[in-house]
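The values are calculated or read from the model by the stated rules, or taken from the named source; none is laboratory data. Predicted, not measured: the structure shown is a model, and the values here were computed from it. Using ideal geometry, Cβ is built from the backbone for each residue, glycine included, and neighbour counts are taken over all protein chains shown. Surface accessibility is based on the protein's heavy atoms, side chains included, excluding ligands, DNA and RNA. Shrake-Rupley method; radii C 1.70, N 1.55, O 1.52, S 1.80 Å.
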Amino acid sequence: MAADKGLLEFDGKTWNTYKGSEGFIRSLLVVNDSLLYTGSDLDFGVWTRNKYRAWEYTSLYPFRKNAGDINEEFWDIHRMQDDIVFVSSQNIYLYKNEKIIQIRPPNIPLAGSFSVADALYVAVEKKGLFTLNGTSLKQVFQYPDGRNFEISGIYKSSEGITIVTKNAGLYRYAAEALVSIDNPLSQNLKTAKVFSFEPLGPTHLAFGTVLKGLYITNLDGKIIHHINKYKGLPSNTVLCLHFSPAKKLWVGTDYGVSAFDLGNNLTYFYDYRGDFGTAHAALLKDNIFYLGTNQGLYRARWEALNNDSDFASFQLVPGTEGQVWTLEYIDDHLWIGHDRGLFTLRGNTLQSMGNQQGIWTIVPYKNYLLTGNYNGISIFKKENNVWNFFKKMELILGSCNQLIVEKENTLWVNIPNYGIIRATLDDNLYPTEREIMIENNFEGDNPYLIAQDGRILLVTDQVQYIFDERARKFIKTDIKIYYPAVQDLLSNVYQPLSLSSNYDFYPIYNGFALKHLQNSEEKDVQKHALIIRKIEAFNNEHKFLFHPDTTIPYRLNNLKIECIVPNRQDVLYQYKLNDGDEWSQWTTNNTFEFFGLSQGQYNLSVRAKIDEEIIADKIITFQIDTPWYYAWYAYLLYGVLTLGLLYLVRRWQKVSLLKQKKQLLKKEQHSLRRQAEKHRQEIMQMEQEQLKKEYEQLKWQLKNKTIELANKAKDNEDKNRLLLTLKSKLEDAQLNPAKAKIRWNEMQRLLDSYLDVEDKTFEIQMDELHQAFFKKLKERHPGLSNNDLRLCAYLKIGLSTKEIAEILNILPSSAFITRSRLRKKLNLAVDEDFHTFFNAL
């Protein structure tokens, strides 16, 4: 596309800009996908694609470097067989056999040039029309005298050649005569001011005007389409036209570029003027087109929808203002499902059918009509040839926006945000059986029911299901519901409708669309080509372009590959990276990214699909280079490094071994010192404990000996006292014989009393040895007597009952009784041992 910023290229998704000549590009001739020519200010040249599929420019203008006072703008380029012709207002340049031939016309300025069949016509201002004959110009006719005759285009018909003028309409030149054509098209073009012209194949023509937009006609002058601002054209001033082999008409206006897909069987009706709003329902009956929109019910003659008028003419049916949801023709009445309720229209008579609010859908059922409402289902019954409200269906509530009757008595109900209900109706239209399928159980959003070939399908925006009669549930299916690629199509319950055997209706935002159902014989099969737009390798820091059959550095092993079927919107793409891989899922995304590719050869297969037709695979071969660390010199370096590393490791091991030996020796010495010190301390501790033990033992022995000596000394004293007393008594008896008998009796009593005195030595020793033991016993059992304490001491040292009895000079039975009393005082059980108890204190 020629532009002031350079060459613009559009593939249907992406615009790319290429800079060539310095001036504005004025003209463009596309030879094929890899070759084109442009004309600009003081320059013209050729563009070719490089290996990266980018355009590169080469100038062919011979005076580019030494233009001097030359001032040429090249507005036209033509292809005449194998030659290329560049036309400015002053000269004609013929590019033939890679050489430039300059043709100087005898009259200037040139007002335009036109290629028709194999002839090139040149309009010379105020002189007439000429044809290029070899390297010279030959006049065809002179302009009519006194007329402002500016030629905008020329086409050939069976009657001669037709001249399209800017201000004077159409002329026909035949038999060396120039005759004005008087028909409605010519009259319209006079007032519209034709600025551009383009043949649309062999049967149709396109006229771009200054004031009235675009006209498309057949060769007989019948207007097929009249497209202006009311029908979506950005501006009524059409500056240039181009018809591509893909049957797209490109229109350049002062507001930008537009494209019309003339090969598409879809026609869009947008409400640019606010005439009817967004359509939701339609019906075609008796050549009247009824349109239900968010503004009300409109109607128009079917022929009035032809695109030859300035705008579509719709008339609002009075009384239907508001949202219309559905239209049905039943029992010779047009039934209208409206936000305000149910209406019928017969002729011009509109009748309300009750006060049921919000009618989504209308379905005939036996002798009844069922309507899905904002809340529940209403039943209408015909009695005495009059339809009336009968009742509300029980057990089914909610916004029932879709009803489908299956078989004789099965009703399907779609309730948004709730789910699907399959109900079996009895003769009284009571749902005797209900199967509820919650909406959350389905993948995707906007579930919609479809009755197809005796089966019930459920379609979401992601998955398609079919109802399994045996399993009594919906299961996923591969059955495809094909919808054409309609722009701005409404979602959810706003589904396509069949108007007739030739047309389908599609609700779209701010309008509607009609699809012409072509027969297989009518379809014009187009050949589509899948092309590779770009191969880009990248990492986190850099990105570079590559071409097929190239080797890509391993550091750039992330690839983004862009392919496209040019100027098609309804294309699906898929790929597989190698022959053994599986194909990816079909997607509308035409860019594939691969991350972290390993080294090796790759054969990427890419293919596209349009309307279930698969376009032949495109294979892209490339190779990811071996990373440097896998190269031969890398392995050599690895070997050298390995040997060096082994040497260093060996060296390090020797040094480490010596170091470890020194450390171990030091550790051993330190350990021996610690053990010796520990042993010395243990011996000292044992010696101290032994000395302490011996000290305690000696102390105890000393104490015992002291007690023993004290006792002996007392005994000796008592004996001496006794002996002195006996001696005194004996002397007295000797001196007084009369008292001798008395004295002998007294000595006898003294001896008896001495012999009867108890030896308390043992008891005293026991008391001295067990003072600490007695102290603990008294703290715990303060009620114990001294005898009890002494008995406890006997038991503690392990004396038996017999031995205790002998010491206490009592019977063994008495000793046993004494033990029993002591057990009670100490609160000991019968099975508890005295010896164990006392030694635990």
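In the stretch 33-49, which residue that is small (Gly, Ala, Ser) and under 13 Å from TYR95 (Cβ atoms) is surrounded by the most Cβ atoms within 10 Å (Cβ to Cβ)?
Step one: filter the stretch 33-49 for residues small (Gly, Ala, Ser), giving 34, 39-40, 45.
Restricting the remaining residues to those that are under 13 Å from TYR95 (Cβ atoms) gives 39, 45.
Values: GLY39: 27, GLY45: 20.
Going through the qualifying residues, I end up with GLY39.
Okay, residues lined up against (1) closer than 21 Å to GLY358 by Cβ; (2) at pLDDT 95 or above; (3) assigned to a strand (DSSP E or B):
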site: ASN388; (1), (2), (3): yes, no, yes
site: ARG422; (1), (2), (3): no, yes, yes
site: ILE450; (1), (2), (3): no, no, yes
site: LEU457; (1), (2), (3): no, no, yes
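Please find, among TYR61, TYR52, TYR93, TYR121, the residue that is in a loop (DSSP other than H, G, I, E, B) and open to solvent by less than 40 Å² (accessible area, probe 1.4 Å). Let's see the steps before the verdict.
Numbers: TYR52 fails: open to solvent by less than 40 Å² (accessible area, probe 1.4 Å); TYR93 fails: in a loop (DSSP other than H, G, I, E, B); TYR121 fails: in a loop (DSSP other than H, G, I, E, B).
Selected residue: TYR61, the only one of TYR61, TYR52, TYR93, TYR121 that is in a loop (DSSP other than H, G, I, E, B) and open to solvent by less than 40 Å² (accessible area, probe 1.4 Å).
Which of the residues that make up the stretch 238-262 are under 38 Å from the mean Cα position of the chain (by Cα), among the aromatic types (Phe, Trp, Tyr) and under 19 Å from GLY153 (Cβ atoms)?
TRP250, PHE260
Which pairs turn up if I take residues in the stretch 84-112 that are closer than 16 Å to LYS127 by Cβ and in contact (Cβ under 8 Å) with a residue 40 or more places away in the chain and look for partners that are β-branched (Val, Ile, Thr) and not in a strand (DSSP E or B) with beta carbon separation below 6 Å, at least 6 apart in sequence or on another chain?
From the stretch 84-112, no pairs qualify.
Suppose the filter is more than 50 Å from the chain's Cα centre (by Cα) and hydrophobic (A, V, I, L, M, F, W, C); does ALA174 pass it? Working first, answer last.
Details: more than 50 Å from the chain's Cα centre (by Cα): yes; hydrophobic (A, V, I, L, M, F, W, C): yes.
Spelling it out, ALA174 is indeed more than 50 Å from the chain's Cα centre (by Cα) and hydrophobic (A, V, I, L, M, F, W, C).
Of all the residues that make up the stretch 152-171, how many are farther than 15 Å from ALA123 by Cα and out of contact with any helix residue (DSSP H, G or I) (no Cβ under 6 Å at 6 or more places or on another chain)? Quick ask: steps written out before the conclusion?
Going residue by residue through the stretch 152-171, those that are farther than 15 Å from ALA123 by Cα are 156-160, 167-170.
If we keep only those that are out of contact with any helix residue (DSSP H, G or I) (no Cβ under 6 Å at 6 or more places or on another chain) too, we end up with 156-160, 167-168.
So the count comes out to 7.
Counting just the residues of the stretch 179-195 that are within 55 Å of the chain's Cα centre (by Cα) and in a helix (DSSP H, G or I), which one comes out nearest to SER152 (Cα to Cα)?
Checking each candidate, the answer is LEU189.
Run down LYS760, LYS824 and say which single residue is at pLDDT 80 or above and surrounded by fewer than 13 Cβ atoms within 10 Å (Cβ to Cβ).
Working: LYS760 fails: at pLDDT 80 or above.
It is LYS824.
Mind listing whichever residues of the stretch 222-270 are among the aliphatic types (A, V, I, L, M), touching an Asp or Glu at 6+ places or on another chain (Cβ under 7 Å) and surrounded by fewer than 18 Cβ atoms within 10 Å (Cβ to Cβ)?
Across the stretch 222-270, the qualifying residues are ILE223, ILE224, LEU239.
With respect to LYS776, determine if the residue is surrounded by fewer than 13 Cβ atoms within 10 Å (Cβ to Cβ), assigned to a helix (DSSP H, G or I), touching a helix residue (DSSP H, G or I) at 6+ places or on another chain (Cβ under 6 Å) and modelled with pLDDT of 80 or more.
Details: surrounded by fewer than 13 Cβ atoms within 10 Å (Cβ to Cβ): yes; assigned to a helix (DSSP H, G or I): yes; touching a helix residue (DSSP H, G or I) at 6+ places or on another chain (Cβ under 6 Å): no; modelled with pLDDT of 80 or more: yes.
Answer is no for this residue.
Confirm whether THR131 is among the hydroxyl-bearing types (Ser, Thr, Tyr), open to solvent by less than 60 Å² (accessible area, probe 1.4 Å), at pLDDT 90 or above and touching an Asp or Glu at 6+ places or on another chain (Cβ under 9 Å).
The answer is no for THR131.
Tell me, yes or no, whether the stretch 547-570 has at least one residue that is on the phi > 0 side of the Ramachandran plot, exposed (fewer than 13 other Cβ atoms within 10 Å of the Cβ) and of a type outside the set (Gly, Ala, Ser).
Let us first name the residues in the stretch 547-570 that are on the phi > 0 side of the Ramachandran plot, namely 549, 567.
So of that shortlist, the ones also exposed (fewer than 13 other Cβ atoms within 10 Å of the Cβ) come out as 549.
Now drop any that are not of a type outside the set (Gly, Ala, Ser), which leaves 549.
Yes, the stretch 547-570 has at least one match.
Test each condition in (1) outside any loop (DSSP other than H, G, I, E, B); (2) open to solvent by 20 Å² or more (accessible area, probe 1.4 Å); (3) under 23 Å from LEU283 (Cα atoms); (4) in contact (Cβ under 8 Å) with a residue 24 or more places away in the chain for GLN351 and report the one that comes out false.
Tallying (1) outside any loop (DSSP other than H, G, I, E, B); (2) open to solvent by 20 Å² or more (accessible area, probe 1.4 Å); (3) under 23 Å from LEU283 (Cα atoms); (4) in contact (Cβ under 8 Å) with a residue 24 or more places away in the chain, GLN351 fails exactly one: (4).
Residue check: is ILE456 open to solvent by 30 Å² or more (accessible area, probe 1.4 Å), farther than 21 Å from GLU612 by Cα and among the β-branched types (Val, Ile, Thr)? I'd like the intermediate steps shown before the answer.
Working: open to solvent by 30 Å² or more (accessible area, probe 1.4 Å): no; farther than 21 Å from GLU612 by Cα: yes; among the β-branched types (Val, Ile, Thr): yes.
The answer is no for ILE456.
Going through the stretch 210-221 one residue at a time, which ones are open to solvent by 30 Å² or more (accessible area, probe 1.4 Å) and not in a strand (DSSP E or B)?
We begin by selecting, within the stretch 210-221, every residue open to solvent by 30 Å² or more (accessible area, probe 1.4 Å); these are 210-212, 218-220.
VAL210, LEU211, LYS212, LEU219, ASP220, listed by residue number.
Report yes if LEU698 is of a type outside the set (Ser, Thr, Tyr), farther than 30 Å from ASN265 by Cα and at pLDDT below 85, otherwise no.
Values: of a type outside the set (Ser, Thr, Tyr): yes; farther than 30 Å from ASN265 by Cα: yes; at pLDDT below 85: yes.
Against the criterion (of a type outside the set (Ser, Thr, Tyr), farther than 30 Å from ASN265 by Cα and at pLDDT below 85), LEU698 qualifies.
Is there a residue being closer than 21 Å to LYS96 by Cβ and exposed (fewer than 12 other Cβ atoms within 10 Å of the Cβ) anywhere in the stretch 11-32?
Yes, that holds for at least one residue.
Can you name every residue in the stretch 624-638 that is under 24 Å from TYR52 (Cβ atoms) and open to solvent by 30 Å² or more (accessible area, probe 1.4 Å)?
Listed by number, the residues that qualify are ASP625, THR626.
If a residue has to be surrounded by 15 or more Cβ atoms within 10 Å (Cβ to Cβ) and over 17 Å from ALA529 (Cβ atoms) to count, how many in the stretch 595-623 make the cut?
4
Between a residue in the stretch 573-596 that is in contact (Cβ under 8 Å) with a residue 60 or more places away in the chain and closer than 24 Å to LYS13 by Cα and any residue that is among the acidic types (Asp, Glu) and not in a loop (DSSP other than H, G, I, E, B), which pairs come within a Cβ distance under 9 Å, given they are 6 or more apart or on different chains?
That search, which allows pairs on different chains as well, returns ASN590/GLU562.
Report whether or not LYS126 is part of a strand (DSSP E or B), free of Cβ contacts under 8 Å to residues at least 24 places away in the same chain and either under 16 Å from GLN81 (Cα atoms) or open to solvent by 80 Å² or more (accessible area, probe 1.4 Å) (or both).
Details: part of a strand (DSSP E or B): no; free of Cβ contacts under 8 Å to residues at least 24 places away in the same chain: yes; either under 16 Å from GLN81 (Cα atoms) or open to solvent by 80 Å² or more (accessible area, probe 1.4 Å) (or both): yes.
The answer is no for LYS126.
Among GLN685, GLN675, GLN623, GLN669, which is polar (S, T, N, Q), out of contact with any Leu (no Cβ under 8 Å at 6 or more places or on another chain) and not in a helix (DSSP H, G or I)? I'd like the intermediate steps shown before the answer.
Details: GLN685 fails: not in a helix (DSSP H, G or I); GLN675 fails: not in a helix (DSSP H, G or I); GLN669 fails: not in a helix (DSSP H, G or I).
Criteria check complete, one pass: GLN623.
Within the bounds of the stretch 300-314, is there any residue that is crowded, with 20+ Cβ neighbours inside 10 Å and in a strand (DSSP E or B)?
no
Considering every residue within the stretch 148-155, establish whether at least one is open to solvent by 70 Å² or more (accessible area, probe 1.4 Å), within 20 Å of PRO109 (Cα to Cα) and in a strand (DSSP E or B). Lay out the reasoning, then the answer.
Taking the stretch 148-155 as the starting set, the residues that turn out to be open to solvent by 70 Å² or more (accessible area, probe 1.4 Å) are 148, 150.
Imposing the further condition that a residue be within 20 Å of PRO109 (Cα to Cα) reduces the set to 148, 150.
Subset that is in a strand (DSSP E or B): none.
Checked the stretch 148-155: no residue is open to solvent by 70 Å² or more (accessible area, probe 1.4 Å), within 20 Å of PRO109 (Cα to Cα) and in a strand (DSSP E or B).
Go through the stretch 66-90 and give me each residue that's part of a strand (DSSP E or B) and over 14 Å from ASN133 (Cβ atoms). I'd like the intermediate steps shown before the answer.
Looking only at the stretch 66-90, we keep the residues that are part of a strand (DSSP E or B), and these are 73-80, 83-88.
Residues satisfying the conditions are GLU73, PHE74, TRP75, ASP76, ILE77, HIS78, ARG79, ILE84, PHE86, VAL87, SER88.
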